[in-house]
Amino acid sequence: MRRVIYLVRRCFDGGLGARSAILARWIFLRALALIYFSTFYSLLFQIKGLNGPQGILPAGNYLRAIGLYYGASRFWHAPTLFWFSSSNSMLMSVTWLGIAASLLAFVNLWPRVTFLICFVCFLSFVSAAGDFSGYQSDGMLLEAGFIALFFAPSGVWPGFASCRPPSWASLWLLRWEWFRIYFESGLVKELSGDSQWRNFTAMDEYYQNSPLPTWIGWYVEHMPHRFHVTSAVLTLVMEMVIVLLLFFPRRLRLICFCIVTPWEIGVILTGNYAFLNYIVLALGFLLLDDVHLRPIFPARFRFLVDESTAETRRPPRIRRIVSAAGVAIAAHMDRLRDNSRARGYDFAANVATGAGDRARSLPHCESVRPVRRDDARPLRD
């Protein structure tokens, strides 16, 4: 029973949390705040035309239909602030509130509260936007935003909060979301029965059919056929094999990060999937430990991180062995000191003095004359 309680505390107690993920948490939360900001900023120019009273799909009409169908449980099926009002002023107020909260979250001011406001504002839009929401990217941001409420440090201005590490449960849930995005994409490609992925021709026309392809994608589209075949094969290998390195020790996770992250940057440069790929990119930094991130931080900021995070450079087992060896050596020194005092001389003083001084302090030894370098006589008279 005690072991079960310890395992539960190990997963959910911040005091026993992941002390090696302080810097990774700081990077991820800054990236998440920027993603929230970009989302709300884009809604400033669209939300009235999409869900306003004179918009394409008015939020008021949509919520009234949900209320008629679900009755008293309508708040559960559509949790949104727009139940109070769906006017243009209310839509814009929620959007501006989300922008303000995301900026405060970026500067690390009361992160749990500001991220909660961002989550509630974005959930309000997703629940009332009808056909303009419910995409994979919306669900991913809601999932990451909700887990971030437990992942973020407490306090009004916590800084790096190295004394309050994230819980292992929140860290692994975010890593699990990163893994699912890739692995499920690979499974869909294989289980769909699409002949293009079976014949490795899926990338031949991808760059001109992807959402809003960029000018870089135009050049990549005109690469030779063998390039597209290779990229199709590597995509399947990365999504179904390489991402499994998440469950291995830190060095293999570092290799996984160094392979998947440049690949994700290439996807961002060749196609526009809104904030979908940026969430995946930000989650990837959680594969790293502070051992990997500490050297790249500017020197003027490193002192803000508790030195206890530097202990992660050494594996836990080695730390325990070194600590036990230090305790054993200290105990042995104490025993020698006690024995020396029992024989009538101070062992600590004899250890600290030179060889000649130690010899003079013992009663059965003759005095020893110090020998100079320029003394020509032999050491033994």
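The values are calculated or read from the model by the stated rules, or taken from the named source; none is laboratory data. Only a predicted model underlies this, so the values are computations on that prediction, with no experimental measurement involved. Positions of Cβ are generated from backbone atoms using ideal geometry, with glycine treated the same way; all protein chains shown enter the neighbour counts. Heads up: the accessible areas ignore ligands, DNA and RNA and are worked out on the full protein's heavy atoms, side chains in. Shrake-Rupley method; radii C 1.70, N 1.55, O 1.52, S 1.80 Å.
Observations, loosely collected:
- Solvent-accessible area per residue in the stretch 81-170 equals 41 Å², computed with a 1.4 angstrom probe and all protein chains kept.
- Solvent-accessible ranking of Lys189, Lys48, largest area first, probe 1.4 Å: Lys48, Lys189
- Averaging Cα coordinates gives a centre for the stretch 167-223 and one for the stretch 69-129; these two points are 30 Å apart.
- For the stretch 38-130, the pair-distance distribution built from all alpha carbon pairs, in bins 5 Å wide starting at 0, is 3, 15, 25, 22, 16, 11, 6, 2, 0 percent.
- For the residues Met90, Met223, Met140, a 1.4 Å probe over the protein chains yields an accessible-area ranking, largest first, of Met223, Met90, Met140.
- Surface share of carbon and sulfur [accessible, 1.4 angstrom probe, percent] for the stretch 223-285: 78
- 5 angstrom amide H check on Gly55, placed H, neighbours 5+ away: none
- Computed from backbone phi, the HN-Hα couplings of the stretch 47-58 come to 5, 5, x, 8, 10, x, x, 9, x, 5, 10, x Hz, rounded to whole numbers (Karplus: 6.51 cos²θ - 1.76 cosθ + 1.60, θ = phi - 60°; Gly and Pro given as x).
- Net +/- balance of residues flanking Ser87 in space, Cβ distance below 15 Å, scoring K and R +1, D and E -1: +2
- Solvent exposure, largest accessible area first (probe 1.4 Å, DNA, RNA and ligands not counted), of Glu184, Glu221, Glu264: Glu184, Glu221, Glu264
- Residue by residue, the stretch 244-256 carries 3J(HN,Hα) couplings of 5, 5, 4, 8, 10, x, 4, 5, 6, 5, 5, 4, 4 Hz when phi is fed to the Karplus relation 6.51 cos²θ - 1.76 cosθ + 1.60 (θ = phi - 60°); x denotes Gly or Pro.
- For the stretch 239-296 and the stretch 18-66, distance of Cα centres in Å: 23
- The portion of the accessible surface of the stretch 166-221 made up by carbon and sulfur, rounded to a whole percent, is 63 (1.4 Å probe; DNA, RNA and ligands excluded).
- For the stretch 1-146, the relative contact order is 26 percent, taking Cα pairs closer than 8 Å that sit 6 or more residues apart in sequence and dividing their mean separation by the residue count.
- Rounded percent of accessible protein surface that carbon and sulfur make up, the stretch 22-109, 1.4 Å probe: 70
- Among Val156, Thr230, Leu191 the positive-end extreme of the charge dipole of the stretch 133-273 (Cβ point charges): Val156
- Sequence-separation-based contact order of the stretch 151-264, relative, with Cα cut under 8 Å and 6+ spacing, percent: 23
- Cα-centred dipole magnitude for the stretch 32-181, charges only on beta-carbon of K, R (+1) and D, E (-1), debye, nearest 20: 180
- Net charge dipole, the stretch 195-287: roughly 420 debye, given to the nearest 20, about the Cα centre with Cβ charges of +1 for Lys and Arg and -1 for Asp and Glu.
- Share of pairwise Cα-Cα distances greater than 12 Å in the stretch 150-199 is 71 percent (whole percent).
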